[in-house]
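Read-outs throughout are calculated quantities, based only on the coordinates presented, and are distinct from any laboratory measurement. Keep in mind that what you see is a predicted model, and the values were worked out from it rather than measured. Cβ coordinates were reconstructed from backbone atoms using ideal geometry, including for glycine residues, and neighbour counts include every protein chain displayed.
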Amino acid sequence: MMSKELSIKNSLIIRESRVFRNGELIFEADQGLSTTKFLKKVYNDQKLKYSKFFKMDELSKLGYLGTEILTNGSIEDKETALVFANSASSLETDVAFAQTMEEFPSPSLFVYTLPNIMLGEISIRHQLRSENIFFISEEFDPLLFIDYTTALFQQEKVENVLCGWVNLHNNDYDVFLWKIANSGGMEFNEEELKKLYLPTHE
Amino acid sequence: MSDLHTELKKSIIEQLNLEDMEVSDIENDEHLFGDGLGLDSIDALELIVLLEKDYGIKLTDPNQGKEIFNSVNTIADFIEKNRAK
């Protein structure tokens, strides 16, 4: 299988008020913080300076922060494809926007009522003009990522792919990002992905 | 600085999520778009909503926007002449 030749270069997890990079805990905040407050703490902890961050919806903030931390703020290969998924789509923002419709519909909420806007935010930040796709699946599905990413490599469309499971629902966020390349890391297969995703996940 | 100018600056910061800014950071005659404050087209739409929600002013001609939203001064002038609440 082609995926055996591909490698997971590094990974990141944001969940339950904690941030892990390559399995190592790099930030922890008080449990029970709202998503907004937690994300602001991560932003400040990382000493990021990107005023557009505060305009993003929570889902995009999760994707942006995860990418910044995983890549140390730099994606060198501007052809890096983005292959992302989640289960709740942009539901949190959809609901918030629906509530504003009772009085004055909010333009700034409306623009985030699609989950793939997050990919636009990441692409703008890193000046990517590459392929991107956002899947909705009931739960984290390693094979979905493996099949699509493998196809991209087989078609020789990319040399690097940033994959991400970025889910947000009822103040519960679950972020798992990882980079795939032709060499230089652990094997890109279902077992390894599950191992990376599951350690701290209930 | 009039109360209206201060009130507008506070609303702009809050409505447009300019978290890293304070009232004193915005000059009355500073351009809000482009090189000045760097607002974008979605911010412009939020400003239109703000005019209607807070001052009862409905913009009927979108072309007016460029002139009205030039700076805090121009918005304040427009509100004083047209406010319904």
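Quick look at the values:
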read-out	value
Sites A:L25 and A:N72 - FRET efficiency at Förster radius 30 Å, r taken between beta-carbons, to 0.05	0.95
B:S41-A:S183 FRET efficiency (beta carbon distance; Förster radius 30 Å; 0.05 resolution)	0.10
Inter-centroid distance (Cα atoms) of segment B:37-77 relative to segment A:1-59, Å	36 Å
For A:K9, distant residues with modelled amide H under 5 Å away	A:K179, A:I180, A:A181
Nearest-0.05 FRET efficiency for A:I136 and B:H31, computed from C-beta distance (R0 35 Å)	0.30
At most 10 other Cβ within 10 Å, DSSP loop - trypsin sites (Lys or Arg not before Pro), segment A:1-92	A:K47, A:K49
In nm, spacing of pseudo-spin labels at B:E14 and A:S51 (7 Å Cα→C-beta vector)	2.0 nm
Loop GluC sites (Glu not before Pro), segment A:71-142 (other Cβ atoms within 10 Å of the site Cβ: 10 or fewer; DSSP)	A:E76, A:E102, A:E103, A:E138, A:E139
Electrostatic dipole magnitude of chain B [Cβ: Lys, Arg +1; Asp, Glu -1; Cα centre; debye, to 20]	540 debye
Given charges at Cβ of Lys, Arg, Asp, Glu: segment A:2-197 dipole, positive-most of A:L91, A:L59, A:S108	A:S108
Exceeding the 30 Å Cα-Cα cut-off - candidates A:K47/B:K66; A:K78/B:K9; A:K37/B:K58; A:K40/B:K58; A:K49/B:K9; A:K49/B:K85	A:K47/B:K66; A:K78/B:K9; A:K37/B:K58; A:K40/B:K58; A:K49/B:K85
Gain on full stretching of the segment that runs from B:E80 to B:T6 - 0.36 nm per residue minus C-alpha separation	25.2 nm
